[in-house]
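Novice: Please read through the structure below; I'll follow up with questions.
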Amino acid sequence: MARFNVARTSLIAVLGGLTVMACAATQASGPPLTGDWGGRGLNLTLTADGGTLSYDCADGTIKGAVHPNSNGEFTATGTHEAFAPGPQDADARPAKVTAQYVGSVSGATMILQVQPAGADRMASYTLTQGRRVKLIRCM
């Protein structure tokens, strides 16, 4: 009976190790994405510490470094703050909410989907590494 328990314990340990290895293979691999990425309506600047997003009519942040997995896919969290056209009250509370960022990178192209808390759907952007675009701020 003791032999059976040792074998079972060893099998559980091996399977647990394989599960951890499989999870690690789908998570971050390699250095973080950095630099400027731009596309219609969005400029994204990434550093080893996180990122900032400037939209036509919003701003956002990404918390922490963005590490794509071996397939070039990544997820990140941060904030999103929508603006309104025209003057704003100086005492108005910012409309800053948490946001989920889901993306993929292939070469110099990034597809980024943004879902602010409370939004019905994700907005999708195609960005190019090294590109900055002119934004038309809340007209």
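Novice: Among the residues in segment 66-89, are any in contact (Cβ under 8 Å) with a residue 60 or more places away in the chain and more than 11 Å from the chain's Cα centre (by Cα)?
Specialist: no
Novice: Shifting gears a bit: Which ones in segment 55-110 are out of contact with any Gly (no Cβ under 8 Å at 6 or more places or on another chain) and of a type in the set (Gly, Ala, Ser)?
Specialist: Correct list: ALA58, SER70, GLY72, ALA82, ALA84, GLY86, ALA90, ALA92, ALA95, GLY103, GLY107.
Novice: Check segment 98-112 and report whether any residue there is outside any loop (DSSP other than H, G, I, E, B), among the hydrophobic types (A, V, I, L, M, F, W, C), without any contact (Cβ under 8 Å) to a residue 60 or more places away in the chain and touching a Phe, Trp or Tyr at 6+ places or on another chain (Cβ under 8 Å).
Specialist: Yes: segment 98-112 contains one or more residues that are outside any loop (DSSP other than H, G, I, E, B), among the hydrophobic types (A, V, I, L, M, F, W, C), without any contact (Cβ under 8 Å) to a residue 60 or more places away in the chain and touching a Phe, Trp or Tyr at 6+ places or on another chain (Cβ under 8 Å).
Novice: Within segment 38-95, take every residue that is in contact with a Ser or Thr (Cβ under 6 Å, 6 or more places away or on another chain) and not in a strand (DSSP E or B) and give me the one that is nearest to ILE111 (Cα to Cα).
Specialist: Out of the qualifying residues, it is GLY72.
Novice: Give the residues of segment 91-118 that are closer than 19 Å to ARG40 by Cβ and surrounded by fewer than 16 Cβ atoms within 10 Å (Cβ to Cβ), sorted by residue number.
Specialist: VAL102, SER104, SER106, GLY107, ALA108, THR109, GLN113
Novice: Here's a follow-up. Identify the residue in segment 113-139 that is assigned to a loop (DSSP other than H, G, I, E, B) and hydrophobic (A, V, I, L, M, F, W, C) and, among all such residues, is modelled with the lowest pLDDT.
Specialist: Only one residue fits best here, namely MET139.
The values are calculated or read from the model by the stated rules, or taken from the named source; none is laboratory data. Please read these numbers as outputs of a predicted model, since none were measured by experiment. Note that each Cβ is placed from the backbone with ideal geometry, even for glycine, and that neighbours are counted across all protein chains shown.
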